[in-house]
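Attaching a single structure in structure tokens format; questions to follow.
The values are calculated or read from the model by the stated rules, or taken from the named source; none is laboratory data. Everything quoted here is computed from the prediction, not taken from an experiment. Methodologically, a virtual Cβ is constructed for each residue, glycine included, from the backbone with ideal geometry; neighbour enumeration extends over all protein chains shown. Keep in mind that these areas ignore ligands, DNA and RNA; they rest on the heavy atoms of the full protein, side chains included. Shrake-Rupley method; radii C 1.70, N 1.55, O 1.52, S 1.80 Å.
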Amino acid sequence: MSITERPPASAQADALRSEHERLGEHAEEIRVAALELPVLAPEERRVLVDRIVSFLSGPFAAYAESEVRALYPYLDRVLDDPHASAGMRYDLEAVRQLTDRLREADVRNTPGLQELLYGVHAIITLHLRKEDDLYLPRLAQERPAQLEHVLRAMREVRFEHDHPARGDL
């Protein structure tokens, strides 16, 4: 099967693909933000960068953690290769590192900010495309109950990310 051919997609694979579309829209907003930086005052840049960092360290980080903890172990088993998802994990670590750099970046350094934002955009966009084109067709061939179990585990990880346990309660 070539990369462009797709098996009949399961509802679960379609759910992942829909989430990728939503995340891809956010990645596109990051690219547009990079284009707009030169015309913004430093205070406006700070607000924009903080909003992007908030997304990357919030919803995107929760999504990434759910992939690392639930989806990729399943993919590694399905593909019978403990390293099948290593490149995908590498992408997510690169986004995390760029997020850390954005958090500390000097808003007066427009070219530096643009470089970081374009880098985040490129990595997220490529990451989502690799999953859609290389992994989701294979996942769509799995039993729906198995994929539903993986999606439920991913939702649980996101919930944990968004609602950390408090030791002081």
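Out of the residues in the range 8-21 that are farther than 21 Å from residue 89 by Cβ and surrounded by fewer than 17 Cβ atoms within 10 Å (Cβ to Cβ), which is farthest from the chain's Cα centre (by Cα)?
Top of the filtered list is 8.
Per-residue answers, yes or no, for (1) crowded, with 18+ Cβ neighbours inside 10 Å; (2) closer than 22 Å to residue 139 by Cβ; (3) aliphatic (A, V, I, L, M):
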position	(1), (2), (3)
57	no, no, no
65	no, yes, no
68	no, yes, yes
73	no, yes, no
78	no, yes, yes
82	no, yes, no
101	no, no, no
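Right, another one. Right, residue 92: open to solvent by 10 Å² or more (accessible area, probe 1.4 Å), at pLDDT below 95 and among the aliphatic types (A, V, I, L, M) or not?
No: the conditions fail for residue 92.
What are the residues in the range 124-169 that are of a type in the set (Asp, Glu), in a helix (DSSP H, G or I) and open to solvent by less than 50 Å² (accessible area, probe 1.4 Å), if any?
Of everything in the range 124-169, those that are of a type in the set (Asp, Glu), in a helix (DSSP H, G or I) and open to solvent by less than 50 Å² (accessible area, probe 1.4 Å) turn out to be 131, 132, 133.
A further question follows. Every residue in the range 103-123 that is open to solvent by less than 80 Å² (accessible area, probe 1.4 Å) and without any contact (Cβ under 8 Å) to a residue 12 or more places away in the chain, please.
106, 109, 112, 122
Also, quick follow-up: Among the helices (runs of 4 or more DSSP H) confined wholly to the range 34-110, which include 1 or more residues that are among the small types (Gly, Ala, Ser)? Lay out the reasoning, then the answer.
Values: elements: 42-57, 59-66, 72-78, 86-104.
The qualifying helices (runs of 4 or more DSSP H) are 42-57, 59-66, 86-104.
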